1. Mind listing just one residue for me: the one in segment 113-138 that is at pLDDT below 90 and assigned to a strand (DSSP E or B) and, of those, farthest from the ligand (Cβ to nearest atom)?
2. Pairs only if they're at least six apart or on different chains, beta carbon under 7 angstrom, first in segment 310-321 and touching a residue at least 12 places away in the same chain (Cβ under 8 Å), second surrounded by 11 or more Cβ atoms within 10 Å (Cβ to Cβ) and outside any loop (DSSP other than H, G, I, E, B); list them, first residue then second.
3. Only one of ASP220, ASP205 is charged (D, E, K, R), assigned by TED's automatic domain parsing to the domain that holds PHE242 and assigned to a loop (DSSP other than H, G, I, E, B); which?
4. Of the residues that make up segment 169-176, is at least one open to solvent by 50 Å² or more (accessible area, probe 1.4 Å) and away from the ligand (no atom under 16 Å from the Cβ)?
5. Just one of LEU163, LEU141 is closer than 15 Å to ALA59 by Cβ, surrounded by fewer than 24 Cβ atoms within 10 Å (Cβ to Cβ), within 14 Å of the ligand (Cβ to nearest atom) and not hydroxyl-bearing (Ser, Thr, Tyr); which is it?
6. Condition test on PRO183, is it within 16 Å of the ligand (Cβ to nearest atom) and out of contact with any Gly (no Cβ under 7 Å at 6 or more places or on another chain)?
7. Scan ALA120, ALA74 and give me the residue that is of a type in the set (A, V, I, L, M) and within 20 Å of the chain's Cα centre (by Cα).
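The values are calculated or read from the model by the stated rules, or taken from the named source; none is laboratory data. In this text the structure is predicted, and so the values were computed from the model without any measurement. Methodologically, a virtual Cβ is constructed for each residue, glycine included, from the backbone with ideal geometry; neighbour enumeration extends over all protein chains shown. The area values use the complete protein model at the heavy-atom level, side chains included, leaving out ligands, DNA and RNA. Shrake-Rupley method; radii C 1.70, N 1.55, O 1.52, S 1.80 Å.
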Amino acid sequence: MRGTNRRTTVLSVLVVATLVLSAGCIGLSERSLPDGLAGYAGDPDNPYGDRNITVAVTATDSERSFAPLVADAADYWETRGERYLNYSVNVTFVANESDPDIRVSFVPRIDRCGEVESAAGCAPEITSPSQTGETVGVRALDNLSANSTVRVLEHEFGHALGLGHGDPPRELMATHTTLTSLPKPNASERALAWNDSTLSVFVTDDVSAAEREGIDHALDYYDRGAEGHVPKNVSFRVVSRFENADVVIRPAERSPCGPGAGSCGSVFGSDSDGDGALETYTRLEIVYSGLDADAVGWHVARWLALGFGIENESAYPPVLRETTGHDERRGDWWR
Ligand SMILES: [Zn+2]
């Protein structure tokens, strides 16, 4: 075994930032305006009239300062209103307790926004003065990075100021974008980098009986805690389908790890904070090639460690270190 050939596929979180909640658009005829707005003589393109648009900010998480991020998003529209909205936007920030035109709320979750589940932001599409009599609610997740928070707010303000999906600026008003969260601990810093402590294992059926015996010893060894190197609650469940298995173990005719390499492992997962390191693992693949059948268990055990954040040689259980001798690897190392 040599080299680790560790691939980490980054699956950035694709969060939907959207939504059109406008119901029953009434248009701009005088008759359809509510009483309070009768005689309204402002810019017909501006559903808020010519007045300053007042914005208040509330957050469940009181530790984080969101106001500068909201101000950045408001700036975006103050400089581009004429171009994309046909009216100029002037935003004034007001106290939370007041009766603002728009209230921006930062929340830990947005389970539903119209027809979209798990959105990053949500706002109604405001196209008529009849919709601005009451405070317009804009929501955004409170755990996004600063850049992504501003990005989501710019999009949601776009809706609150009258734009729909696909309207220019098209990139901003697209339904999907790639966002990053606030920094999260990396997999190697977590007690367990998987979402569930029971890992499903798929072993391909071209494994010989002797190899399979060794693989079972390796799994048992981790089931028992790998001499204190993995959390006690970790267990394995062998499954018959490749698709959703957490761990895949398979032999290969030719090593995918480079010539001479007896085995290799790769972890895959998500990097939602975009720092280039995975936070959680969704798959561990272990491949071996050209090994004696009675050495397969040891190699598999060595690579299982990768799935538990063991990366430095000194962090491995002593029996799984590279210094383990030829005979010992083929012996009862798991006992
Ligand atoms: Zn949207």
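1. The extreme case among them is GLU117.
2. GLU311/SER188; TYR316/ALA305; PRO317/ALA226; PRO317/GLU227; LEU320/ALA301; LEU320/ARG302; LEU320/ALA305
3. ASP205
4. No, because not a single residue in segment 169-176 is open to solvent by 50 Å² or more (accessible area, probe 1.4 Å) and away from the ligand (no atom under 16 Å from the Cβ).
5. LEU141
6. No, not satisfied.
7. The unique qualifying residue is ALA120.
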